[in-house]
1. Might you tell me the accessible area per residue for the chain, computed with a 1.4 Å probe and given in Å²?
2. Please compute the contact order of the chain in relative form: average sequence separation of alpha-carbon pairs under 8 Å and at least six residues apart, divided by the residue count, as a percent.
3. If I build a Gaussian network model for the chain, linking alpha-carbon pairs within less than 10 angstrom, which residue out of V22, V171, V144 has the largest mean-square fluctuation?
4. Name the residue, out of L20, L166, L81, whose mean-square fluctuation peaks in a Gaussian network model built on the chain with Cα pairs under 10 Å.
5. Given R₀ = 22 Å, what would the calculated FRET efficiency be for Q164 paired with D98, taking r from the Cβ atoms and rounding to 0.05?
6. Simple spin-label model, 7 Å along Cα-to-Cβ: W38 to A139 in nm?
7. How large, in percent, is the carbon and sulfur part of the accessible surface of the stretch 36-119 at a probe radius of 1.4 Å?
8. Compute a Gaussian network model of the chain, connecting alpha carbons closer than 10 Å, and tell me which residue from G27, G69, G129 fluctuates the most.
Amino acid sequence: MSTVTKGISMFVLAILILALLVMIVLGFMLGFTHPLPWILIAVLVAIPWIHDKIVSRRFVKWDSAMSVGNAEIDKDHKKLLSMINQLQTAAHYKTDADEIGEIMDELVAYTRYHFEREENLMQQHHYAGFNAHKQQHEAMIKQVAKFYDEYRVDQTRTIESVAQFLKTWLVNHIYGSDQEYAPLLKDKK
Ligand SMILES: [Fe+2]
């Protein structure tokens with residue numbers, strides 16, 4: 001979400017809260033026993049909860065079906081998913097490019113570290129699909145670097161689209177290609 005869009009949505013939210021407050025005051029003029037102001041109060045109280053629900057729907061959660069049966073790799077995958085969620089939260093709530101840059105750098109560094117660990121294990125245990133899998137990792141790193149370079153040059157581009165790409169790619173990769181090596185690398189160190 002760009003800064004302008006973020007500003008507009010906060011403005012709309014503020015107007016909505018203000019309108020509800022006015023309607024509640026006017027509603028009480030109908031009498032304290034009238035249900036309308038109480039219903040409006042309930043709506044007002046529910047706004048932060050609804051907002052949190054909408055925001056959290058964007059987050060990706062670990063699912064046991066994602067497990068590849070290897071504790072170290074599962075741990076890496078969980079950490080990567082939580083880092084992507086952290087990036088999305090930062091992109092949603094903060095506009096500080098330096099802070100977003102730090103999270104992004106950590107995420108890319110950890111992704112590289114994880115890919116290396118996975119590739120070493122595959123090689124060590126002579127995984128037949130090693131080359132194709134390594135190519136997928138390399139293409140992903142290249143794509144993220146390209147997106148991130150574009151963001152650095154032009155920050156009106158949203159970091160959320162980078163986070164979205166990372167999330168979709170990683171989830172599809174864990175459910176797809178990573179499951180193909182799972183029987184071979186199960187419980188391997
Ligand atoms: Fe992988």
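The values are calculated or read from the model by the stated rules, or taken from the named source; none is laboratory data. Just so you know, these numbers come straight off a predicted model, no measurement behind them. Glycine also receives a Cβ, built like all others from the backbone with ideal geometry; neighbour counts cover every protein chain displayed. Surface accessibility is based on the protein's heavy atoms, side chains included, excluding ligands, DNA and RNA. Shrake-Rupley method; radii C 1.70, N 1.55, O 1.52, S 1.80 Å.
1. Result: 60 Å² of accessible area for each residue.
2. Across the chain, relative contact order equals 30 percent.
3. Fluctuation is largest for V22.
4. L20
5. Using R0 = 22 Å, I get an efficiency of 0.55.
6. 6.0 nm
7. So the carbon and sulfur contribution to the accessible surface is 59 percent.
8. The residue that fluctuates most here is G27.
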